[in-house]
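Have a look at the structure below before the remarks.
The values are calculated or read from the model by the stated rules, or taken from the named source; none is laboratory data. All values derive from a computational prediction rather than experimental measurement. Cβ placement follows ideal geometry from the backbone for every residue including glycine, while neighbour counts extend to all protein chains displayed. Note: accessible area is taken over every heavy atom of the protein model, side chains too, but ligands, DNA and RNA are not part of it. Shrake-Rupley method; radii C 1.70, N 1.55, O 1.52, S 1.80 Å.
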Amino acid sequence: MKTVVVTGATSGIGLAACRELAKLGYGIIGVGRNADRCAGTAEALQGEFPEASIAYFCADLSRQAEVLRVGREIRSHVEEKCEGKLRALVSNAGGVRSYYTTTEDGYETVFALNHLAGFLLSHALLPCLKAGGGRLLVTSSASHKGTRVNWRDIMFRRRYNPLAVYKQSKLLNALFAFGFRDRFSGLGVSAACVDPGLVRTEIGLKDTGGLVKFVWGLRMKRGVEPEVPARAFARLIDAEEPPRALYYRGAKPARHSRQVNRKNADRLWNLSEQLSGAHREEAKT
Amino acid sequence: MTVMITGAAGGLGRAFAMECAARGHDLLLTDLSAEGLGRVSQGIRRLYGVRVFEKSCDITDERAVDELIAYANGAGLRLDMLLNVAGLDREGGFLERGFGDISAILRVNVEATLRVTHRALSLRRADGRFHIVFVSSLASMYPMPLKATYAASKRFLLDFSIALGRELERENVSVLALCPGGMPTRDDCIRAIEAQGFWGRATTTALETVTRRTIAKALRGKKVYVPGAVNLLFSILGKVVPPLAVAKLVYRRWSSVQKKLA
């Protein structure tokens, strides 16, 4: 049996992806922020798929200490129960904030959660991905287009604009997948990002308010159900061949922004290593 | 330039630390939580590469503050600025709280803050200018039923700050009282702001703007800073509307907000 790790797995696209993958017979390791929701989701999925192996881990991924802890826990779980092999990591957890807030590490919350958490977790799980010839899939979005990385103020301390911050975070997701591919595809680990399209999820309603909530409420009505992108994730994971393209819209290769290039990817990679300490030993053990 | 910040692992303290580090200042950080302090210090070092000295300290404890000052002296630190951020806010009626909670507000917001200020002044440079910031609150502008102790403690800081500023002028020390409304420091604060509806949002000021302007104003020697136009208007109203009438209004508002949050 093959196993996948999905973050942001208690609602929206993450939850739907877990369901599609369980349907195909994959073992599911879900990560969610809320302990009650994790337990409830695990129970519901197990009820739906009595044969499947389903485990949920609770972690607030905006906090680096929590990412490292849950990474260690998942690794020992995978080593114990899944021969140390992972088929995929779906780095999907993400959010929006109406205001500039900092995590306990002092970093802007959306930057820390949407980008840095996936970066650090992928490093923690790299041995399992290598052993399983795995693939990393990152939930990006078409909103990564029409923006640039704000290198001078990547955490938006100067002028916080929820939409600009979110758009940048999705561009960072694509750059992260680019950098990951460059570094690890030679080791048998591939990477791609998926644009799920406009999906009816609650991402814009959690921990936001005012305008963000209002606009998202309007947009949500036009979105597709989360099952649609979930099937794309399942197809990319289940395919024999690892994903060839970097950027998919649904399960089809699509064009990404010209900002997604090696120069930006390398710059982001170095900054992310510096900010997360992912290249240091403590992150690996 | 070296800046000392109390309550540095909390929402506002963290944001101040990031602002100062972005300006290239070295930091002496303290907080009750050693763990939180370690995390934020690591983040600052990684992001900005400034020197960060950290020592956890219960500032209500005389001896712990002695140790903190000894630590700073041992490290050969001389301070240019002190940001008194550490503070307690426990809402609720006077009788709904144990007296322990109430005296804790006074101990931290007033007594400990003054203790730290008194001691930190001994660490200032002999030749340079020294800046002190007290984090007071918009709540200092009027009597606030259901937050009576908190608001009064912040009033103490506001009056004290203005008086101390005058007293220390000849010592080349400037003192600023920061009087912010609600700030979205954490996810639960955002939810609390939303619970207050329109007025919650209108009195809310962006954290990154408040921290940036506070430091700039402190360096320019300003005395009082009320962030946000709506808040400034409220603070002026607080001076002209009779306190009894304000108390009546505030009581009505907080009662309904608390019902919404419950």
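How many lysine pairs does region A:3-284 hold where the Cα atoms are under 21 Å apart and the two sit 8 or more places apart or on different chains? Lysine pair count for region A:3-284: 21. Rounded to whole numbers, the Karplus 3J(HN,Hα) couplings from phi for region A:33-48 are 7, 9, 4, 5, 5, 4, 5, x, 5, 4, 5, 4, 5, 4, x, 6 Hz, using 6.51 cos²θ - 1.76 cosθ + 1.60 with θ = phi - 60°, and x at Gly and Pro.
Chains A and B together bury some 2300 Å² of accessible area, summed over both sides, with a 1.4 Å probe. If you look at the Cα atoms of region A:95-240, you get an Rg and a Dmax of 16.1, 47 Å. Counting heavy atoms of the protein chains alone, A:Tyr248 has an accessible area of about 10 Å² for a 1.4 Å probe. For region A:3-284, averaging the sequence separation of C-alpha pairs within contact (under 8 Å, six or more residues apart) and dividing by the residue count gives a relative contact order of 19 percent. In whole percents, the pair-distance distribution calculated for chain B from its alpha-carbon pairs, binned every 5 Å from zero, is 1, 6, 13, 18, 20, 17, 12, 8, 4, 1, 0.
Computed with a 1.4 Å probe on the full set of protein chains, the accessible area for A:Glu83 sits at about 150 Å². Computed from backbone phi with θ = phi - 60° and the Karplus coefficients 6.51, -1.76 and 1.60, the 3J(HN,Hα) list for region B:235-244 is 5, 6, 4, x, 8, 9, 7, x, x, 5 Hz; x is used for glycine and proline.
Here chain B is treated with +1 on each Lys and Arg Cβ and -1 on each Asp and Glu Cβ, and its dipole about the Cα centre works out to around 840 debye. For the protein assembly as shown, the percent of C-alpha pairs falling in each 20 Å distance bin, counted from 0 to the bin holding the largest distance, reads 21, 48, 27, 3. Loop-located trypsin sites (Lys or Arg not before Pro) in region B:110-173 (DSSP state not H, G, I, E or B) with no more than 14 neighbouring Cβ atoms inside 10 Å: B:Arg125, B:Arg129.
Note on region A:6-50: semi-axes of the ellipsoid equivalent to its C-alpha gyration tensor, largest first and rounded to whole Å, are 16, 12, 8.
What you get for the protein assembly as shown, charging only the Cβ of Lys and Arg (+1) and of Asp and Glu (-1), is a dipole of about 2160 debye around the Cα centre.
The heavy atoms of B:Val241 offer some 50 square angstrom of accessible surface to a 1.4 angstrom probe. Compute the Cα gyration tensor for region A:3-284, then decide on rounded, prolate or oblate, letting a ≥ b ≥ c be the square roots of its eigenvalues: rounded whenever a/c is under 1.5, prolate when a/b is larger than b/c in the other cases, and oblate in all that remain. Rounded shape, in that the Cα axes give a/c under 1.5.
Within the accessible surface of the protein assembly as shown, defined with a 1.4 Å probe on protein heavy atoms only, the carbon and sulfur portion equals 53 percent.
Of the residues making up region B:173-202, those losing 20 Å² or more of accessible area when the isolated chain is joined by the remaining protein chains, with a 1.4 Å probe, are B:Pro184, B:Asp187, B:Ile190, B:Arg191, B:Glu194, B:Arg201. A 1.4 Å probe run over the protein chains yields, for the protein assembly as shown, 43 Å² of accessible area per residue, whole-number rounding.
Note: region B:1-150, Cα convex hull, 112 Å³ per residue. For region A:88-107, heavy-atom accessible area (probe 1.4 Å) falls by no less than 30 Å² from the chain alone to the full protein assembly at A:Tyr99, A:Tyr100, A:Thr101, A:Thr102, A:Glu104, A:Asp105, A:Gly106, A:Tyr107.
On a straight-distance basis, which aspartates and glutamates could pair with B:Lys239 in a cross-link, Cα separation under 18 angstrom, same-chain partners fewer than 8 positions away excluded? Answer for B:Lys239, where 18 Å is the Cα cut-off: B:Asp159, listed by chain and number.
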